[in-house]
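Notes follow once the structure below has been shown.
The values are calculated or read from the model by the stated rules, or taken from the named source; none is laboratory data. If you're wondering where the values come from, they're calculated on a predicted model, not measured in any experiment. FYI the Cβ positions are ideal-geometry reconstructions off the backbone, even for glycines, and counts take in every protein chain you see.
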């Protein structure tokens, strides 16, 4: 089974797969500056909450990588924070971006006492690499945990892309599928196309086909039909932010899939690392929802499909209430209701 390497630090620079080129081209791009990283995150060359977090971590390092070693420590810190804050403004919803950038800021504070710019830079690069490696281990742990709830369930529906291309390696929602296949367990994945940017069609279907895992692509408005026909055993999605009570922001359309799963008595799971839980937000009403340009709907992929000048509403995410979520599959195990108690117990305050 061949998994793609989404994001990697190599030859003193960051290498990513440009996911805007998928599925027709597999293009690797080198990111060498903060503006390049900002743009890559903004226009979705790199996407998926965990991968965005990793990109943000390395982006902060790129901002000071070539800083002159003779600069004062105070000036160095100011430069770092300015570049980090700039990167943090690239996308508002996925909490992993802010989690990773804040972790890099904390690392900087902890190593300023070295009083040596070159040594501090090495420590920051080491921290970014550790965030990447942690995500790889995290995906494997989510995969193993997910096999517990998927016992006897073969046909899995997923929405958007929460596979390897959204993380460092295994993914979140697709991690149980990849780990299961490694252990000789067979799965069949149904992938929603995921309008308007077609992450399911362009990315999920691409990576599963590349890995040799059976995948069937369906339009978003077919989900109810395949559920009604008994073709789906479980739904697994990823997450961009999870609040203290379990409300979950994920790609637009996820809420509708959750409602359909509830109506058809199909378990609906959210797979995410602990870094996606935002314990500073009580409910989903507080989650900032990114709104994107109208052209993604009216002129998607270069072809006009709506009348010129029509009003468009294009939120990139929606919020699924915790009452619709059967369980969370995390890198520390399964979290089940009542979430108001179990999330705090497992994640901490």
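Residue-by-condition table, conditions (1) in the same structural domain as residue 114 (by TED's automatic domain parsing); (2) buried (at least 24 other Cβ atoms within 10 Å of the Cβ); (3) within 29 Å of the chain's Cα centre (by Cα); (4) free of Cβ contacts under 8 Å to residues at least 60 places away in the same chain:
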| site | (1), (2), (3), (4) |
| --- | --- |
| 47 | yes, yes, yes, no |
| 55 | yes, yes, yes, yes |
| 59 | yes, yes, yes, yes |
| 68 | yes, no, no, yes |
I'd like the residue in the range 1-20 that is assigned to a loop (DSSP other than H, G, I, E, B) and in contact with a strand residue (DSSP E or B) (Cβ under 9 Å, 6 or more places away or on another chain) and, out of all such residues, is modelled with the highest pLDDT.
18
Residue 125 meets each of (1) at pLDDT 95 or above; (2) under 20 Å from residue 56 (Cβ atoms); (3) surrounded by 23 or more Cβ atoms within 10 Å (Cβ to Cβ) with one exception, condition (3)
Applying the selection to the range 223-262, what residues are over 27 Å from residue 94 (Cα atoms) and either touching a strand residue (DSSP E or B) at 6+ places or on another chain (Cβ under 8 Å) or in contact (Cβ under 8 Å) with a residue 24 or more places away in the chain (or both)?
224, 226, 227, 228, 231, 232, 233
Give the number of residues within the range 81-97 that are free of Cβ contacts under 8 Å to residues at least 40 places away in the same chain and buried (at least 21 other Cβ atoms within 10 Å of the Cβ).
1
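Here's a check for you: in the range 310-331, which residue that is more than 15 Å from residue 173 (Cα to Cα) and assigned to a loop (DSSP other than H, G, I, E, B) is nearest to the chain's Cα centre (by Cα)?
The extreme case among them is 316.
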Starting from residues that are under 13 Å from residue 174 (Cβ atoms) and touching a strand residue (DSSP E or B) at 6+ places or on another chain (Cβ under 7 Å), keep the ones in the range 200-213 and report whichever is surrounded by the most Cβ atoms within 10 Å (Cβ to Cβ).
204
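Residues are listed down the side, and each one gets a yes or a no for (1) surrounded by fewer than 20 Cβ atoms within 10 Å (Cβ to Cβ); (2) within 30 Å of residue 104 (Cα to Cα); (3) in contact (Cβ under 8 Å) with a residue 60 or more places away in the chain:
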position	(1), (2), (3)
277	no, yes, yes
287	no, yes, yes
309	yes, no, no
313	yes, no, no
318	yes, yes, yes
328	no, yes, yes
Might you check whether a residue that is buried (at least 18 other Cβ atoms within 10 Å of the Cβ) and in contact (Cβ under 8 Å) with a residue 60 or more places away in the chain occurs anywhere in the range 101-117?
no
Could you list all residues from the range 118-142 that are within 18 Å of residue 51 (Cβ to Cβ) and out of contact with any helix residue (DSSP H, G or I) (no Cβ under 7 Å at 6 or more places or on another chain)?
129, 130, 133, 134, 136, 137, 138, 141
Taking the range 178-195 as the search range and keeping residues that are crowded, with 21+ Cβ neighbours inside 10 Å and touching a residue at least 40 places away in the same chain (Cβ under 8 Å), which one is farthest from residue 15 (Cα to Cα)?
190
Can you tell me which residue in the range 21-41 is surrounded by the most Cβ atoms within 10 Å (Cβ to Cβ), limited to those that are assigned to a helix (DSSP H, G or I) and touching a strand residue (DSSP E or B) at 6+ places or on another chain (Cβ under 8 Å)?
37
Output yes when any residue across the range 291-309 is in a loop (DSSP other than H, G, I, E, B), under 24 Å from residue 171 (Cβ atoms) and out of contact with any helix residue (DSSP H, G or I) (no Cβ under 8 Å at 6 or more places or on another chain), and no when none is.
yes
Scan the range 133-147 and tell me whether some residue there is part of a strand (DSSP E or B) and more than 22 Å from residue 24 (Cα to Cα).
no
